[in-house]
């Protein structure tokens, strides 16, 4: 099995809500070409209050993502055939997924589980990462995965954390990415730093955690290239 993440751009004729429904409507067709653990992530009205939390450096930031597993990445053409009529642009990446710290994840996620096809509570923060030029790949990877990674749960309110190392681009001309991170945040994190940093009602704790997170991320993130997008997430099948 191989995991693919596709970055998607919305055609101008679609509203965000209509585009979301069109993408969700692909569930059976995607499953029919072999896709499993399908997740659709879209920038829509449900995360509009989090717009100030976005970080974008791309000239035209993405509007959504599709995450799925296939027996082989060679099945991508069938997926593209389904998506192309609904997108103005798409890029595909083969990734290696890691879901670290299962104890923290499972304990927090229990209260946010919903049936397949329903919107995951809160928001999904997606970060597109580039290795800074100042670091070797080995230094960057070690810092991201083993130095910064353990701080994700203690400093934030996340209940889901998927670290996707990009193996290679699968579409010609796709921008270089080194990692794609998916983090699930609860509803109180939308537009609310105290909710984001698990410090509701405690501005001092919020400020401390925000500073600690910045100090950690600045060791391996190129803030002149990163795109950090807030989305609604739907898991369509298992």
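Every number here is computed from the coordinates shown, using simple stated rules; none is lab data. What you are looking at is a predicted structure, and each value in this text was computed from that prediction instead of being measured. Please note: Cβ atoms are built from the backbone with ideal geometry, for glycine as well, and neighbour counts cover all protein chains shown.
Among the residues of segment 53-101, how many are free of Cβ contacts under 8 Å to residues at least 60 places away in the same chain and within 14 Å of the chain's Cα centre (by Cα)?
1
Going through segment 15-49 one residue at a time, which ones are touching a residue at least 60 places away in the same chain (Cβ under 8 Å), out of contact with any helix residue (DSSP H, G or I) (no Cβ under 8 Å at 6 or more places or on another chain) and more than 19 Å from residue 95 (Cα to Cα)?
Selection gives 20, 24, 27, 31, 46, 47, 49.
If I ask for residues that are more than 17 Å from residue 163 (Cβ to Cβ), surrounded by fewer than 16 Cβ atoms within 10 Å (Cβ to Cβ) and in contact with a strand residue (DSSP E or B) (Cβ under 8 Å, 6 or more places away or on another chain), which ones from segment 81-108 would you list? Even if it seems obvious, please write down each step before you answer.
Filtering segment 81-108 for residues more than 17 Å from residue 163 (Cβ to Cβ) gives 81-92, 107.
The next check asks that each one be surrounded by fewer than 16 Cβ atoms within 10 Å (Cβ to Cβ); those that pass are 81, 84-85, 88-89, 107.
Those that are more than 17 Å from residue 163 (Cβ to Cβ), surrounded by fewer than 16 Cβ atoms within 10 Å (Cβ to Cβ) and in contact with a strand residue (DSSP E or B) (Cβ under 8 Å, 6 or more places away or on another chain): 84, 88, 89.
Looking at residue 114, is it within 30 Å of residue 188 (Cα to Cα), without any contact (Cβ under 8 Å) to a residue 24 or more places away in the chain and touching a strand residue (DSSP E or B) at 6+ places or on another chain (Cβ under 9 Å)? Let's see the steps before the verdict.
Details: within 30 Å of residue 188 (Cα to Cα): yes; without any contact (Cβ under 8 Å) to a residue 24 or more places away in the chain: yes; touching a strand residue (DSSP E or B) at 6+ places or on another chain (Cβ under 9 Å): yes.
Yes; evaluated as a whole, the condition is true for this residue.
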